[in-house]
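Accompanying notes for the structure given below.
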Amino acid sequence: MNSNITHDLAVPLNQEDKAKRAFVTALRVHVLQHMSGSMKNRYEDYVKPEAQKRGNTCDTPEHIHKALKSDFMFKAYSSARTCAQEMVFDVVSDSVDREFETLRAKAKPVAKKGSLTLDDSVEIPKSVSEIDVHLAPGSYHAEYTEEDFATGAVYDNAIEVFSFGQFGKDSNDIGMTLSNYVRLKFPDFKPAKILDAGCTIGHNTLPWAQTFPEAEVTAIDVAAPVLRYGHARAESMGVPVHFRQMDATAMKFEDNTFDVVFSSMFLHELPLKDIHAYLKEAYRVLKPGGLLWQMELPPMNQMPAYDNFYLNWDTYYNNEPFYGTFRRQDYRKLLTDAGFGAEEFMEATMPRYTFVGEEAYKEALSGENTFDTLTGRMDPKGTRWYGFGAWKK
Amino acid sequence: MRRIPRKRRGERNRFFQAEGVDELLSALLRLSAEVSALKDRVYIAEKVLEQQGLNVSDAIEAYELSAEQEAELAANRQRMIETVLAQFDNSSDVDDMTDENSKIEAAA
Ligand SMILES: C[S@@+](CC[C@H](N)C(=O)[O-])C[C@H]1O[C@@H](n2cnc3c(N)ncnc32)[C@H](O)[C@@H]1O
């Protein structure tokens with residue numbers, strides 16, 4: 001297995017790392033494709049008709065969950081998927097631990113293009129500090145040594161194994177997909193200042209600096225170790241991004257600062273009250289005429305019940321406690337509650353830019369939004385990203 | 001050196017009713033990862049030797065390990081057992097880390 005990580009902080013992989021990463025990748029593909037397929041067949045052929053006989057209509061994800069919970073195939077899928085998730089972090093932690101000192105030298109670059117501003121008065125929200133989010137030991141913020149960056153290094157390596165390459169080279173496909181969406185969809189819009197909220201290691205921030213080279217790009221997160229790593233990673237790639245430790249629900253920026261405020265896979269990890277607080281802040285720091293955009297999981301109201309059940313597995317079993325509540329929201333209302341006009345609401349499903357290429361991407365953007373089993377989910381057959389946003393008038 | 005904890009905080013989800021089944025599956029999959037990595041390595045080793053014109057099967061059978069080599073294999077074996085049995089082990093990583101840290105402090 002060859003790594004898709006191309007920057008200087010890539011962990012040197014020995015044969016054992018490569019072999020184990022290849023195994024865990026293969027295991028995840030097996031679980032998500034083969035076992036999940038068997039679970040669905042079992043549901044359609046046996047579990048659903050049996051449940052309906054007992055009066056369970058199976059028309060909501062909760063009903064489906066209830067019907068499937070006691071079935072062997074669900075247990076096998078869930079147990080194996082949990083193991084595969086844990087093993088992702090295990091195998092990459094082995095190599096990060098081993099190479100820690102080598103990485104340490106590279107993790108403190110002389111800032112040339114961007115910057116790193118940490119602020120230890122930032123309180124880590126309980127939604128990050130109290131749980132090991134998606135079973136990552138140490139969540140995002142844990143530090144085991146002075147000026148630690150290990151959670152960042154683990155994250156960078158883990159998402160590559162986790163996504164079996166579906167996030168593209170340097171795991172930047174969501175950022176490439178969205179920034180190019182904005183460029184192609186709104187050709188007259190020339191953002192000068194761009195903000196990424198909840199950036200983690202900035203893998204989806206960097207594409208903005210590449211797509212809009214004239215713009216100044218800022219990325220915030222509450223967790224210092226991922227920011228340290230993200231900054232070093234960006235510098236090593238020669239991409240100018242300003243990383244700042246800041247709570248997105250209480251930003252330190254002036255009103256009307258940014259032309260674009262976006263986030264990627266951020267809202268679903270926030271408690272609902274923090275989603276509201278962040279969106280209000282996003283509205284405040286956006287200039288009039290500025291664009292808000294969130295790349296996210298598709299809303300429940302657009303998806304068939306079984307797909308909702310399937311996507312919501314994470315909220316029940318993968319330490320993503322806020323994910324289900326988020327997906328139940330009316331996304332338009334989330335934005336109008338924060339001050340955006342209801343008529344300004346936009347949503348889109350997008351093919352992966354770095355996989356399909358500019359021409360096919362352009363063509364897809366003129367088509368209709370499509371919601372199906374490939375929307376917003378990690379599937380070996382491919383995936384389509386979902387996002388929603390609004391202009392601030 | 002182990003610095004990053006391998007166990008997450010909180011209760012692990014159990015899906016099977018019978019005690020130990022989820023943990024056994026975990027052990028089995030971890031074991032499979034070890035075996036798979038090992039097979040990859042032996043495969044590569046054979047290819048490397050073949051490249052150098054060596055057919056090693058007979059020599060492998062005849063080989064006698066030295067005490068030092070035995071010790072090295074024993075340590076590997078131990079690590080493998082710990083990995084495979086991770087879910088059956090109550091000792092938390094936090095404790096491990098405290099031990100590690102106090103050792104580091106004492107040495108400094
Ligand atoms: C799932 S990750 C985001 C991943 C990344 N944006 C991507 O595109 O894949 C969520 C991030 O949000 C951060 N976070 C959580 N609550 C936050 C808050 N209130 N303010 C800023 N960052 C926060 C976490 O530390 C974590 O790095």
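The values are calculated or read from the model by the stated rules, or taken from the named source; none is laboratory data. All values reported here derive from a predicted model rather than from experimental measurement. So basically every Cβ, Gly included, is an ideal-geometry build from the backbone, and we count neighbours across all protein chains shown. Only protein heavy atoms, including side chains, enter the accessible area calculation; ligands, DNA and RNA are left aside. Shrake-Rupley method; radii C 1.70, N 1.55, O 1.52, S 1.80 Å.
Annotations for the structure displayed:
- When restricted to residues that are surrounded by fewer than 16 Cβ atoms within 10 Å (Cβ to Cβ), more than 14 Å from the ligand (Cβ to nearest atom) and not in a helix (DSSP H, G or I), the stretch A:138-170 contains 3.
- Close pairs from the stretch A:77-90: first under 23 Å from A:GLY152 (Cα atoms) and more than 7 Å from chain B (Cβ to nearest Cβ), partner in a helix (DSSP H, G or I) and open to solvent by 10 Å² or more (accessible area, probe 1.4 Å), Cβ under 6 Å, at least 6 apart: A:ALA84/A:LEU27; A:VAL88/A:PHE162
- Entry remark, the stretch B:10-60: residues being more than 19 Å from A:ALA80 (Cβ to Cβ), acidic (Asp, Glu) and more than 10 Å from every other protein chain (Cβ to nearest Cβ) number 3 in total.
- All positions within the stretch A:121-137 that are over 19 Å from A:ALA84 (Cβ atoms) and either open to solvent by less than 30 Å² (accessible area, probe 1.4 Å) or within 9 Å of the ligand (Cβ to nearest atom) (or both): A:VAL122, A:ILE124, A:PRO125, A:SER127, A:VAL128, A:SER129
- If you go through the stretch A:1-49 and keep only what is hydroxyl-bearing (Ser, Thr, Tyr), assigned to a helix (DSSP H, G or I) and either at positive phi or open to solvent by 70 Å² or more (accessible area, probe 1.4 Å) (or both), you end up with just A:TYR46.
- Top-ranked residue of the stretch B:27-72 - restricted to ones that are outside any helix (DSSP H, G or I) and open to solvent by less than 60 Å² (accessible area, probe 1.4 Å), ranked as nearest to A:GLU16 (Cα to Cα): B:VAL56
- Evaluating A:VAL182 against the criteria (1) assigned to a helix (DSSP H, G or I); (2) open to solvent by less than 20 Å² (accessible area, probe 1.4 Å); (3) within 15 Å of the ligand (Cβ to nearest atom); (4) of a type outside the set (Lys, Arg) leaves one unmet condition, (3).
- Given (1) more than 28 Å from A:ALA10 (Cα to Cα); (2) among the hydrophobic types (A, V, I, L, M, F, W, C); (3) more than 16 Å from the ligand (Cβ to nearest atom), number of the condition A:VAL260 does not satisfy: (3)
- Among the residues here, A:THR177 qualifies as in contact with a strand residue (DSSP E or B) (Cβ under 8 Å, 6 or more places away or on another chain), within 14 Å of the ligand (Cβ to nearest atom) and touching a residue at least 24 places away in the same chain (Cβ under 8 Å).
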